[in-house]
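A.B. asks: There's a structure below that I have some questions on.
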Amino acid sequence: MTILLWLFYLFHIINGISIVNKPPDSTYPDIPNTLVDILSSQPQFSYFLRHLQRHGLIPQLNLMKNVTLLAPINSAFVNKNNDDEWNNNQLLRYIVNQKFRVGYLNDQDAIFETLYKIDKKTYYPIKISPDFESKEYVIDNIASIVDEDIYAKHQHSFVQGIDHLLPLKPTICQVLINSTIPEISIMSSIFQSIFENGEDCETFSKGYQSFILPTNNLIKSSLTNIELAYYLLNFNTIRGATKGTTEEATKEVNNDIKDLLENLMFSEFIFGVNNTNSKAKAKSGLKQEFKFKKNKLEVGSLETDNSHVLSNGAIHIFDEGESFFKTLKVPTVDMVARKALYALNYSNFVKELQFRSLDYLIDGSVKKQSIILGIDQRDDTNEEVNLLSFSSKQNLLYQFVNEEIKIKDDLHILVDSKLCSNKKIGGCYKIKISSSAENGDTKTTINDEVDVIESIPIANSSVIYIGNEEITPPVNLKHSLGDLISSGTIPRHLENVEIDRTSCLRTLGYLNTFNLYSLDDNEAGYSIFLPCGAKTTQINKKTSLWDDLGLVLDYLESNPKLFKKIIQGLFLNGVVYSNFKGNKKLKSLNGQKVQVSGEQKNDTNFISLNKTIVEIASNSDILFNQGIVHVLDKILLPDDFQLPIEDLIKTTFDTKFPGFSIDNLLKFYPKIKKSLTGNHPFSLLVPTPESLKDFNITSSFHDLIKFIDFHLIPNDEVSKILDCINGVNQDSIIKTNLSQGGLTCRHKNDKVMLKLYKLNETETNIESYNKDQEVRVLKHGCTSEYKGSTKDISCIFLLEKPMNLKWFEKTHTGDNFLHIHLGLVSVGIGVILGLIMFGGVMVGFVYCTSRKKTYNLDSEHYFPRSDSGYMSVLTDDDEYLPYDRGYETDTDVLRSETDGLLLPSNLKRKKRIKKIDYGSIINNENDDNRFTVLPKATLPRNIGNLKETLNRDRNIPGCSQF
């Protein structure tokens, strides 16, 4: 019974198939029964039939069965004269190797293979898709089927009339290499980079008919920038965008590209319903599941409706999705340091590392590291620059950091490089990293000189930093300090640390004097606290740090051995960086033990050296090949530094004036001299020896004890002077050992001045040598360093001039004369200048008088005779002096006292008429020439003793005759 039921079902199935496949000739018995007959019987196929005949395909076509012939109608050949597409093999693309009826096609795309053979295993495909607007089926999006389902009975085949010729489609390699699809130009570039010509690509893709590719946007979102740069490296090299890439880099990139592409190509022809809803294996062996839903191809969670059928396969283009490669589990290149360096065009840097046997740093075995590169180290840098930037092994190691540096705002750190030297510094050399926010961006500097242009995260928790120049290992001390002097600053991230060049040059001079530029390797490194920094206060800013030591420096320079120990005390055996925290015990270069501790507040680090605290700005370290240098704005002296007061006094001696010194005066007062030492010693104001000589201050000086008391400062008052010198508390009153004498201290034009301040209602005298009653402090020095307390401290202050006891003398009342007190030297200079001026005046007078106009002394009209007894009357208004007005006669003698010799000032002088003769005897009246010839002057009459009576004053203003 069961067998009968199966036979019944089988009969109906076979009968149904025969009904479905029943040829149309049962209805239309007159239709031709072969493909050739159909073409010859219908004139619209005549052109196509002629091409078949011309290429000898008619016999081959008559032997075919179960095929579908795509026959272009005559209109398809209009303006088509190209016979290159009509060889025997290519004509076979119009013959589908299976029969199909348009009436049985659905609303989805269908792929059919033709008899045109691309290679041994690949046949030329066509795509038939419905056009819902025209309600026609279209082949390869070009030719519409206009004559449907013409059946050839004897060959069990169909003829489908199409309205256009079918042009040859390009291959997958041709599309990718020629970039004919813009939306996948990046993948096209990757293809182009590994295949120099199409033949290599065809060889690589042979046998693989389906490719899945991301669009440009999707690949950018799926790969990091450095990964994409790596895959495009060879393409950029080919087109000339990058230069100098090494051959090793090119080969490695090519291999990685091929590995990537092999995960995206499949041997099956996957399109539409063909080979979908199944798993396919990529060339690499990776399996993917393909599904076709709603006319879209799905792979994993990605889907697309953008597919292209080509002559040897299909390309499926994906544009949506989070991460193309991650979603499909396609492995991309592991961006280890070496590959990252290739991607960033540093292949020659890699080659140098390999040459120096340092390739282990970049092969992926090292994790959590940072690489610092200069932009000038790139492959495309000028060849001359590359030749000049030859890197040693030390340089290369210094560019690697033993940790992943994560940049953030307000970062100031010191990190260890991979360049280490136990012999020189007992560890690894440091690199300074600083960053901060600036205008909304983060600015990062390395060693305060190299600006970071770009930071690129890479594999193994590592990062690459590219700076505007290459970083180099620290140089020796001499070169480091030379750079410091030449720049004038310590370059810092945002604000440079200013230095005092004057002080620094002097410091370097001392280092050179004591041969401290060359340091022995101590296996621990050195920390140098160098007095080179600019002063932070305006007070005494023009003086150098060394000048501030004053008399102490004079003493040290006269004692080289002690001075050398002081300078050696600035050097510590061991490295103390600016970020030091904690405690450690070190020794200075002079063997002194130093307890070092450090703490940080904001951007400032406070480092204690025994009892001395110094402020060091973060990352202000000056690195050199044996340690670090810290620039300070003061000079470090040992905590136990002590100088005898007698030695400080001796620094004020002047060999030009051996007989004048304060020490000679103190010998007469041993108690006062002893008071300069002890628990609360006195301090002393010491005038210069030259000024003591000028003012004749000797042991025989009147009131010598008062003079010394006036220059003696009690211990509890000396801090006021020291604070004033340092620019603090300038309003304090300073008492001296003289009860009357007080002082005030002030700064005047960068000079420290001590001014008299009266105490106990003392009246000061303004008639002394200095009406301002102030003296200048030239320099000073103390027996130990002043740190706010003057206990056990005694100081010497060198004055330009001594303070005058006459400042306390009362002014003489009723005496309006100006009293000037001058020194002997001043008097002598005045006398000399007076003589010179007097001599000059006399010489000028003689010179001027010798050039006056001379007159004829023989003229009787100008002067009286020498034997004349007349008095000459002279007036101030005479043009020429002396001028003889005449003589006084008896009439003149008898003239009234009130009668003036001169006219009143309000009366005009009459025109002067020259007398012919002033004598008492005139020419003879009978002489005819008496009116034409001037008579000669004759002697006047004798006036006897009348001359004795001429004792009255004449009426001449401001004058008398005798």
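A.B. asks: Pick from Leu665, Leu637, Leu692: which is closer than 27 Å to Val827 by Cα and out of contact with any Phe, Trp or Tyr (no Cβ under 6 Å at 6 or more places or on another chain)?
C.D. replies: After ruling out the rest, the residue left standing is Leu665.
A.B. asks: Next up: Looking at Leu419, Leu414 in this structure, which one is assigned by TED's automatic domain parsing to the domain that holds Gln369, aliphatic (A, V, I, L, M) and touching a Lys or Arg at 6+ places or on another chain (Cβ under 6 Å)?
C.D. replies: Checking each option against the conditions leaves just Leu414.
A.B. asks: Being assigned to a loop (DSSP other than H, G, I, E, B), touching a helix residue (DSSP H, G or I) at 6+ places or on another chain (Cβ under 7 Å) and closer than 14 Å to Cys724 by Cα is the filter here; which residues of the stretch 773-789 pass it?
C.D. replies: Within the stretch 773-789, just Tyr786 meets the criteria.
A.B. asks: Criterion first (farther than 30 Å from Thr114 by Cβ, surrounded by fewer than 21 Cβ atoms within 10 Å (Cβ to Cβ), in contact with a helix residue (DSSP H, G or I) (Cβ under 8 Å, 6 or more places away or on another chain) and touching a residue at least 60 places away in the same chain (Cβ under 8 Å)) does Ser347 satisfy it?
C.D. replies: Considered against the rule, which asks whether it is farther than 30 Å from Thr114 by Cβ, surrounded by fewer than 21 Cβ atoms within 10 Å (Cβ to Cβ), in contact with a helix residue (DSSP H, G or I) (Cβ under 8 Å, 6 or more places away or on another chain) and touching a residue at least 60 places away in the same chain (Cβ under 8 Å), Ser347 comes out as no.
A.B. asks: Related question: When you check Leu637 against the structure, is it among the hydrophobic types (A, V, I, L, M, F, W, C), buried (at least 18 other Cβ atoms within 10 Å of the Cβ) and in contact (Cβ under 8 Å) with a residue 40 or more places away in the chain, yes or no?
C.D. replies: Against the criterion (among the hydrophobic types (A, V, I, L, M, F, W, C), buried (at least 18 other Cβ atoms within 10 Å of the Cβ) and in contact (Cβ under 8 Å) with a residue 40 or more places away in the chain), Leu637 does not qualify.
A.B. asks: If Asp147 meets every condition in (1) buried (at least 21 other Cβ atoms within 10 Å of the Cβ); (2) touching a residue at least 60 places away in the same chain (Cβ under 8 Å) apart from one, which number is that one?
C.D. replies: For Asp147, the exception is condition (1).
A.B. asks: Related question: Is it the case that some residue within the stretch 23-41 is modelled with pLDDT under 90, in the same structural domain as Thr122 (by TED's automatic domain parsing) and crowded, with 16+ Cβ neighbours inside 10 Å?
C.D. replies: Among the residues of the stretch 23-41, at least one is modelled with pLDDT under 90, in the same structural domain as Thr122 (by TED's automatic domain parsing) and crowded, with 16+ Cβ neighbours inside 10 Å, which makes the answer yes.
A.B. asks: Could you tell me whether the stretch 469-484 includes any residue that is at pLDDT 90 or above, within 21 Å of the chain's Cα centre (by Cα), under 15 Å from Ile433 (Cβ atoms) and of a type outside the set (Ser, Thr, Tyr)?
C.D. replies: Yes, the conditions are met somewhere in the stretch 469-484.
A.B. asks: Just to be sure before I move on: is Ile371 closer than 30 Å to Asn522 by Cβ, within 24 Å of the chain's Cα centre (by Cα) and either assigned by TED's automatic domain parsing to the domain that holds Thr445 or at pLDDT below 95 (or both) in the structure I sent?
C.D. replies: no
A.B. asks: Same structure again: Which one of Asn602, Asn512, Asn590 is at pLDDT below 95 and under 23 Å from Pro644 (Cα atoms)?
C.D. replies: Asn590 is the lone residue from the list that is at pLDDT below 95 and under 23 Å from Pro644 (Cα atoms).
A.B. asks: What residue, among those in the stretch 566-607 that are in a strand (DSSP E or B) and aromatic (Phe, Trp, Tyr), is farthest from Asp554 (Cα to Cα)?
C.D. replies: Taking the candidates together, the pick is Phe606.
A.B. asks: Filter the stretch 158-195 down to the residues that are part of a loop (DSSP other than H, G, I, E, B), more than 53 Å from the chain's Cα centre (by Cα) and either modelled with pLDDT of 95 or more or not hydrophobic (A, V, I, L, M, F, W, C) (or both) and list them by number.
C.D. replies: Asp163, His164, Pro167, Lys169, Pro170, Thr171
A.B. asks: May I pose another question? Can you list residue pairs whose Cβ atoms sit under 7 Å apart, with the first residue in the stretch 725-745 being in a loop (DSSP other than H, G, I, E, B) and the second being of a type in the set (Gly, Ala, Ser)? Count only pairs 6 or more apart in sequence or on different chains.
C.D. replies: Between residues of the stretch 725-745 that are in a loop (DSSP other than H, G, I, E, B) and residues that are of a type in the set (Gly, Ala, Ser), the close pairs are Thr736/Gly742.
A.B. asks: Residues that are under 30 Å from Ile566 (Cα atoms), surrounded by 20 or more Cβ atoms within 10 Å (Cβ to Cβ) and assigned by TED's automatic domain parsing to the domain that holds Gly781: does the stretch 732-749 have at least one?
C.D. replies: Scanning the stretch 732-749 turns up no residue that is under 30 Å from Ile566 (Cα atoms), surrounded by 20 or more Cβ atoms within 10 Å (Cβ to Cβ) and assigned by TED's automatic domain parsing to the domain that holds Gly781.
A.B. asks: Let me ask something else about it. List, please: which pairs have Cβ atoms under 6 Å, are six or more places apart or on different chains, and start with a residue in the stretch 611-634 that is within 18 Å of Asn573 (Cβ to Cβ) and in the same structural domain as Trp546 (by TED's automatic domain parsing) and end with one that is charged (D, E, K, R) and assigned to a loop (DSSP other than H, G, I, E, B)?
C.D. replies: Listed pairs, sorted by first residue: Gln626/Lys424; Ile628/Asp621.
A.B. asks: Report, by residue number, each residue of the stretch 286-308 that is in a strand (DSSP E or B) and of a type in the set (A, V, I, L, M).
C.D. replies: Matches in the stretch 286-308: Leu297, Val299, Leu302.
A.B. asks: Just to be sure, is Phe657 in contact with a Pro (Cβ under 9 Å, 6 or more places away or on another chain) and either more than 30 Å from Leu411 (Cα to Cα) or polar (S, T, N, Q) (or both)?
C.D. replies: yes
A.B. asks: If you go through the stretch 271-285, how many residues are in a strand (DSSP E or B) and either surrounded by 13 or more Cβ atoms within 10 Å (Cβ to Cβ) or aromatic (Phe, Trp, Tyr) (or both)?
C.D. replies: Of the residues in that region, 4 qualify.
A.B. asks: A further question follows. Taking the conditions exactly as written (surrounded by fewer than 17 Cβ atoms within 10 Å (Cβ to Cβ) and either assigned by TED's automatic domain parsing to the domain that holds Asn312 or under 18 Å from Ile315 (Cβ atoms) (or both)), does Thr203 satisfy them or not?
C.D. replies: yes
The values are calculated or read from the model by the stated rules, or taken from the named source; none is laboratory data. Please read these numbers as outputs of a predicted model, since none were measured by experiment. Counting neighbours? That spans all protein chains shown, and the Cβs are built from the backbone with ideal geometry, glycine included.
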